[in-house]
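The values are calculated or read from the model by the stated rules, or taken from the named source; none is laboratory data. Since the structure is predicted, the reported quantities are computational estimates derived from the model, not experimental observations. Cβ placement follows ideal geometry from the backbone for every residue including glycine, while neighbour counts extend to all protein chains displayed.
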Amino acid sequence: MITKFLGLFKFLKKLFKKKAKIKLGIYGPPNGGKTTLANRITKDWLGEEMGSVSAIPHETREVHVKEVTIKKGKKELSFSLVDTPGIATKIDYEDFLKAGLSEPEAKKRAKEATRGVIEAIKWLDNMDAVIVVLDATKDPYTQVNITIIGNLEARNIPVLVVGNKIDLKKANLKKLQSAFPQYKVIGISAKYGTHMEDFYEELFKLLK
């Protein structure tokens with residue numbers, strides 16, 4: 001009797017899990033292009049942007065969520081797209097002063113950015129899969145990137161690594177692939193929409 005009950009419980013749990021909306025998180029360090037990619041996805045499929053972008057780090061300081069459905073032929077994929085604040089191991093208000101903000105603005109942004117990092121890490125426990133967005137022109141071997149990847153590996157979350165900004169001359173996708181050989185790495189330009197068809201193809205594989 002107990003065995004039958006446990007079997008039924010597992011079946012129902014699996015059934016309801018399938019019905020739940022997939023949560024797809026966008027993670028990465030500040031200014032890698034996370035929100036630019038989120039905006040590209042939502043403009044492609046919803047006709048609207050998800051958030052604002054800026055050259056100043058930590059423009060996104062709160063988690064934003066939009067429901068998205070993408071299509072490929074007869075296939076359809078629906079998910080909750082979760083754009084998260086940039087992960088940083090250190091946030092100093094003086095960095096915002098150098099970016100041109102006033103001291104009160106700089107201190108306010110630093111506090112909000114710190115809260116945003118904590119919120120982004122907490123949201124990891126809710127993620128079914130994650131896109132890690134990295135600036136393909138920068139060194140991938142950083143403490144921040146190691147921290148992000150380590151957290152994802154510890155939770156066994158499926159990952160797609162996106163090397164963004166491949167439109168720039170300094171972009172080096174091979175270096176990203178060498179840094180993270182355990183994951184699929186794809187190069188795009190979220191700003192110009194370069195290789196987005198390949199990106200969507202990989203999303204179908206990631207979320208299957």
Inset, instruction - Report whether or not K184 is touching a residue at least 24 places away in the same chain (Cβ under 8 Å), basic (K, R) and in contact with a Lys or Arg (Cβ under 9 Å, 6 or more places away or on another chain). - result: yes
Inset, instruction - Would you be able to say whether some residue in the range 151-169 is of a type in the set (S, T, N, Q) and in a helix (DSSP H, G or I)? - result: yes
Legend entry - Tally, over the range 128-148, of residues that are among the β-branched types (V, I, T), farther than 17 Å from N31 by Cβ and under 12 Å from the mean Cα position of the chain (by Cα): 1
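From the residues in the range 139-181 that are of a type in the set (K, R) and free of Cβ contacts under 8 Å to residues at least 40 places away in the same chain, which one is surrounded by the fewest Cβ atoms within 10 Å (Cβ to Cβ)?
Out of the qualifying residues, it is K169.
Condition first: at pLDDT 70 or above and either closer than 13 Å to I22 by Cα or part of a loop (DSSP other than H, G, I, E, B) (or both). Now tell me which residues in the range 59-69 satisfy that.
T60, E62, V63, V65, K66, E67, V68, T69
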Legend entry - Selection count where residues are within 21 Å of F199 (Cα to Cα) and in contact (Cβ under 8 Å) with a residue 40 or more places away in the chain, scope the range 120-137: 10
Inset, instruction - All but one of (1) closer than 26 Å to Q182 by Cα; (2) outside any helix (DSSP H, G or I) hold for W123, so report the exception by its number. - result: (2)
Legend entry - Breaking point among (1) out of contact with any His (no Cβ under 9 Å at 6 or more places or on another chain); (2) at pLDDT below 95; (3) not in a loop (DSSP other than H, G, I, E, B), for K208: (3)
Legend entry - Any hit, the range 75-93, residues being crowded, with 17+ Cβ neighbours inside 10 Å and part of a helix (DSSP H, G or I): yes
Inset, instruction - Residue by residue through the range 21-48, note down the ones that are surrounded by fewer than 22 Cβ atoms within 10 Å (Cβ to Cβ) and among the aromatic types (F, W, Y). - result: W45
Inset, instruction - Test K43 against the stated conditions and say whether it is more than 15 Å from the chain's Cα centre (by Cα) and free of Cβ contacts under 8 Å to residues at least 24 places away in the same chain. - result: yes
Inset, instruction - Given the conditions (1) hydroxyl-bearing (S, T, Y); (2) touching a residue at least 60 places away in the same chain (Cβ under 8 Å); (3) in contact with an Asp or Glu (Cβ under 9 Å, 6 or more places away or on another chain), report the number of the one that T194 does not fulfil. - result: (2)
Inset, instruction - Might you check whether a residue that is among the polar types (S, T, N, Q) and surrounded by 13 or more Cβ atoms within 10 Å (Cβ to Cβ) occurs anywhere in the range 124-135? - result: no
Legend entry - the range 97-109 residues that are loosely packed, with under 15 Cβ neighbours inside 10 Å, paired with ones that are of a type in the set (S, T, Y) (beta carbon under 8 Å, 6 or more apart): E103/Y93
Legend entry - Considering residues of the range 182-197 that are of a type in the set (D, E, K, R) and within 17 Å of the chain's Cα centre (by Cα) only, the residue surrounded by the most Cβ atoms within 10 Å (Cβ to Cβ): K191
